[in-house]
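Here is the structure we will look at, set down as structure tokens.
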Amino acid sequence: NNFVGHIPREIGNLKNLIIINMNDNKLTCRLPEEFGQLKNTRKLNLGHNDLSGSIPEEMGNMICLEELYLDNNNLSGSVPISFSYLNNLKHFYIHKNSLNEDIPIEV
């Protein structure tokens, strides 16, 4: 892919997406909180972009999520406590960001 720019907020309208793979592009935005509306998504790969800002608390609503790749971006802040609701999450990659190293014990 050669996606450039931002992820549109309308991504939250695509409620039947199972796999979203937008890794290794030139996405230069904050993560839209509308990702939290994707309750059927099992894999979200946004690694190797230039995403910034914090991880939205709403992403904890992605209850079917099994794999989440946010590595190699410019994300900051902490892992949201809402991630404790992601009971199906098996793979979670957040290395090479500027995130707080302390992951909440609830997660």
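Please enumerate the residues belonging to segment 43-101 that are more than 17 Å from GLU33 (Cβ to Cβ) and not in a loop (DSSP other than H, G, I, E, B).
The answer is LYS43, ASN45, GLU67, TYR69, ASN74, SER84, HIS91, PHE92, TYR93, SER98, LEU99.
Among the candidates ASN2, ASN61, single out the residue that is surrounded by fewer than 18 Cβ atoms within 10 Å (Cβ to Cβ), on the phi < 0 side of the Ramachandran plot and modelled with pLDDT under 95.
Exactly one residue qualifies, and that residue is ASN2.
Could you figure out which of (1) open to solvent by 40 Å² or more (accessible area, probe 1.4 Å); (2) under 13 Å from the mean Cα position of the chain (by Cα); (3) not charged (D, E, K, R) isn't true of ASN16?
Only one criterion is unmet by ASN16, namely (2).
Of everything in segment 13-54, what is of a type outside the set (A, V, I, L, M) and either touching a Leu at 6+ places or on another chain (Cβ under 6 Å) or closer than 12 Å to GLU67 by Cα (or both)? Give them in sequence order.
Across segment 13-54, the qualifying residues are ASN21, THR41, ARG42, LYS43, ASN45, GLY47, ASN49.
The values are calculated or read from the model by the stated rules, or taken from the named source; none is laboratory data. Keep in mind that what you see is a predicted model, and the values were worked out from it rather than measured. Note: ideal-geometry Cβ built from the backbone for every residue, glycine included; neighbour counts use all protein chains shown. For the accessible areas, the whole protein counts, side chains as well, though only heavy atoms, and no ligand, DNA or RNA atoms are used. Shrake-Rupley method; radii C 1.70, N 1.55, O 1.52, S 1.80 Å.
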